[in-house]
Amino acid sequence: MSWLKRLFGTTDAVEDACERAEHDSGSAPTAVGDHSSALPVGWGKPDVSEEGDMIVIALQAPGLKADTVSVEPRGSSLQVRAEGERGPNEKIKLDEALKFPEGSVLSGATATYSDDKLIVRIPKTGIKQQAD
């Protein structure tokens, strides 16, 4: 099971978190990805919020190397990757996809890493509204 699914319990949890943050677009990412990934010790639960016209996912993630952090749009998914190590013999590899509604344009997404925190910013304007 992917680390996001384990953290939130369901693939709809990021959407629920965005709604709790009064996300006005009504659509949010869901986790898909490597079912064998594990949440490293010391990592916290993602904090999903909004800042102006951006959805912000912040995750306490000690051990990553800032120069390995990347996000890559793949259709309506956003691939988040990073690598690092927790000790001399323990490597960390993050490779997760956040799935958005079909037709979303995620080319404006960015990821940064500093002070042991991974922050992914996604423009709300790129997220296609889901029909009710």
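The values are calculated or read from the model by the stated rules, or taken from the named source; none is laboratory data. Treat the numbers as computed from the prediction; the structure is a model and nothing was measured. Heads up, the Cβs are rebuilt from the backbone with ideal geometry, glycines too, and the neighbour counts pull from every protein chain shown. The protein model used for the area step is the full one, side chains on, heavy atoms only, and it has no ligands, DNA or RNA in it. Shrake-Rupley method; radii C 1.70, N 1.55, O 1.52, S 1.80 Å.
Tabulated results
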{"read-out": "Residue pairs meeting the criteria (Cβ under 6 Å; at least 6 apart or on separate chains; first under 16 Å from GLY103 (Cα atoms), in the stretch 70-91; second open to solvent by less than 60 Å² (accessible area, probe 1.4 Å) and not in a strand (DSSP E or B))", "value": "PRO73/LEU106; SER76/PHE100; SER76/SER104; LEU78/LEU106; LEU78/ALA109"}
{"read-out": "Every residue from the stretch 93-120 that is in contact with a Ser or Thr (Cβ under 6 Å, 6 or more places away or on another chain) and either over 20 Å from ASP47 (Cβ atoms) or open to solvent by 30 Å² or more (accessible area, probe 1.4 Å) (or both)", "value": "LYS99, PRO101, GLU102, SER104, ILE119"}
{"read-out": "Tally of residues being exposed (fewer than 14 other Cβ atoms within 10 Å of the Cβ) and either among the aliphatic types (A, V, I, L, M) or part of a loop (DSSP other than H, G, I, E, B) (or both) across the stretch 63-92", "value": "5"}
{"read-out": "Qualifying positions in the stretch 80-115 - more than 25 Å from MET54 (Cα to Cα) and of a type in the set (Phe, Trp, Tyr)", "value": "none"}
{"read-out": "Residues satisfying the stated conditions in the stretch 93-106, i.e. assigned to a loop (DSSP other than H, G, I, E, B) and out of contact with any helix residue (DSSP H, G or I) (no Cβ under 7 Å at 6 or more places or on another chain)", "value": "PHE100, PRO101, GLU102, GLY103"}
{"read-out": "Any hit, the stretch 32-42, residues being assigned to a strand (DSSP E or B) and modelled with pLDDT under 90", "value": "yes"}
{"read-out": "Members of the stretch 121-131 that are part of a loop (DSSP other than H, G, I, E, B) and either surrounded by 13 or more Cβ atoms within 10 Å (Cβ to Cβ) or touching a residue at least 60 places away in the same chain (Cβ under 8 Å) (or both)", "value": "ILE127, LYS128, GLN129, GLN130"}
{"read-out": "Flag if GLU50 is open to solvent by less than 10 Å² (accessible area, probe 1.4 Å) and in a strand (DSSP E or B)", "value": "no"}
{"read-out": "All positions within the stretch 71-90 that are closer than 17 Å to PRO123 by Cβ and among the small types (Gly, Ala, Ser)", "value": "GLY75, SER76, SER77"}
